[in-house]
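J.: The structure's right below; bear with me while I get my questions together.
The values are calculated or read from the model by the stated rules, or taken from the named source; none is laboratory data. As the structure is a prediction and not an experimental result, all values here were calculated from the model. No Cβ is skipped: glycine too gets one built from the backbone with ideal geometry, and neighbour counts run over all protein chains shown. Surface accessibility is based on the protein's heavy atoms, side chains included, excluding ligands, DNA and RNA. Shrake-Rupley method; radii C 1.70, N 1.55, O 1.52, S 1.80 Å.
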Amino acid sequence: MKAQTPMTWVPNQARSDEAADAAQFLSRLGYVLLALGAPAAAVLHELGVFVLYPIAIASFVLAALVDPPTGLVERMRGALTRPIVVLSLAAVAWAGVSVLWTPFSIPAGQHLLKMALWLVSLFLALTTTRGHARATDLYLFPIGLVLGMAAMFAAFVANRHGADIPGARISDGALVLVTTLFPAIGGLAARGRS
């Protein structure tokens with residue numbers, strides 16, 4: 001019979017380091033999906049952004065649950081009292097009331113649900129991310145912008161040579177590129193590389 005070894009206790013410092021490492025990995029995964037995956041995915045498949053965006057937001061939320069950033073509850077509470085958030089909630093409430101008397105209540109309700117879920121995910125993304133991003137995370141956005149432009153150019157060339165790529169994918173890719181442009185410029189400006 002084999003003798004059992006005594007149980008060893010992991011110090012609290014090691015546990016917090018492991019939680020911080022896991023949170024850093026999850027937030028890095030979220031940045032990679034948003035910065036690198038979304039610009040190219042919008043061009044390559046019509047549902048690409050709708051798959052990658054929720055996974056990225058979920059990874060930010062999981063990172064905040066594993067190792068909560070300092071002042072997370074205060075940041076969420078403070079964000080809910082800002083005028084733009086209050087106005088957005090009022091607009092969603094008004095749209096919800098408007099669904100009641102519209103003759104097209106099912107499509108309007110679906111559109112309202114999509115808009116409300118997008119606003120909730122945006123709120124979670126803005127409040128659960130860390131206050132200071134690493135330089136490597138900031139550089140992902142300009143790289144993703146270039147990848148998205150390359151994917152959009154490749155789709156345009158393939159469309160010109162007979163591939164059946166809907167024009168809506170190229171315009172959706174352009175919309176995602178315009179959306180990615182602001183964080184890309186902000187990341188470069190924060191690092192002094194403009």
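J.: Among (i) 35, 18, 15; (ii) 35, 27, 19; (iii) 66, 18, 12, which one is semi-axes √(5λ) of the Cα gyration tensor in Å computed from these coordinates?
T.: (ii)
J.: Determine the gain in length on full extension of the stretch Leu89-Ala19; use 0.36 nm per residue of separation and subtract their C-alpha separation, reporting nm with one decimal.
T.: 21.8 nm
J.: Counting only trypsin sites (Lys or Arg not before Pro) that are in a DSSP loop and have at most 13 other C-beta atoms within 10 Å, tell me the longest site-free stretch of the chain.
T.: Answer from the scan: 3-133.
J.: Additional query: What does the charge add up to near His45, with Lys and Arg as +1, Asp and Glu as -1, over the other residues with Cβ less than 13 Å from its Cβ?
T.: Once positives and negatives cancel, what remains is -1.
J.: Here is a further query. What does the charge dipole of the chain about its Cα centre add up to, to the nearest 20 debye, if the Cβ of each Lys and Arg holds +1 and the Cβ of each Asp and Glu holds -1?
T.: Numbers: 13 positive and 9 negative charges, 51 e Å.
So the magnitude is around 240 debye.
J.: Quick check: with the 1.4 Å probe, what order do Leu181, Leu113 take by accessible area, largest first?
T.: Correct descending sequence by accessible area is Leu113, Leu181.
J.: Hey, another quick one. Per residue of the chain, what 222 nm ellipticity follows from adding -39500 (n - 2.57) for every DSSP H run with n ≥ 4, rounded to the nearest 500? List each step's numbers first, then the result.
T.: Numbers: 8 runs with 149 residues, N = 194.
Result for the chain, helices only: -26000 deg cm²/dmol.
J.: Given a 1.4 angstrom probe, what's the average accessible area per residue across the range 21-175, in square angstrom?
T.: Numbers: 9590 Å² over 155 residues.
Accessible area per residue: 62 Å².
J.: Ignoring ligands, DNA and RNA, how do Val99, Val146 rank by accessible area with a 1.4 Å probe, largest first?
T.: Numbers: Val99 30, Val146 90 Å².
Ranked from most to least accessible, the order is Val146, Val99.
J.: Which listed residue (Gly78, Gly30, Phe50) has the Cα farthest towards the positive end of the charge dipole for the range 15-80, taking +1 on Lys and Arg C-beta and -1 on Asp and Glu C-beta about the Cα centre?
T.: Gly78
J.: To two decimal places, what compactness ratio does the range 144-194 give when its Cα radius of gyration is scaled by 2.2 N^0.38 Å?
T.: 1.38
J.: Moving to a separate point now. All other residues with a Cβ under 12 Å from the Cβ of Pro166 taken together, and with Lys, Arg as +1 and Asp, Glu as -1, what is their net charge?
T.: So the surrounding residues net to -2.
J.: List the residue ranges in the chain for DSSP H helices whose C-alpha atoms run 20 angstrom or more along the long axis and whose Kyte-Doolittle average is 1.0 or above. Numbers along the way, then the final one.
T.: Working: long enough: 12-32 (30 Å, -0.46); 48-66 (27 Å, 2.42); 83-101 (28 Å, 2.04); 105-128 (34 Å, 1.20); 135-160 (38 Å, 1.35); 167-190 (35 Å, 1.29).
For the chain, where a helix must reach 20 Å along its axis and average at least 1.0, the hits are 48-66, 83-101, 105-128, 135-160, 167-190.
J.: Full extension from Glu46 to Arg77: what is 0.36 nm times the residue separation minus their Cα-Cα distance, to one decimal in nm?
T.: Taking 0.36 nm per residue and subtracting the Cα distance, the gain is 7.6 nm.
J.: While we're on this one: Round to a whole number: what % of the accessible area of the chain belongs to carbon and sulfur, probe 1.4 Å?
T.: Looking at the chain in its full context, I get 71 percent from C and S.
J.: Add +1 for every Lys or Arg and -1 for every Asp or Glu among the other residues with Cβ under 15 Å from the Cβ of Met149, and state the total. Present the calculation step by step, with values, prior to reporting the outcome.
T.: Numbers: positive: Arg169; negative: Asp172.
Here the charged neighbours net out to 0.
J.: While we're looking at this one, here's another question. Using alpha carbons only, what's the Rg to Rh ratio of the range 91-130 with Rh from Kirkwood? Show your work: numbers first, answer last.
T.: Values: Rg = 12.6 Å, Rh = 11.0 Å.
Expressed as Rg/Rh, it is 1.15.
J.: Mind ordering 65-74, 82-91, 42-51 by average Cβ neighbours within 10 Å, highest first?
T.: 42-51, 65-74, 82-91
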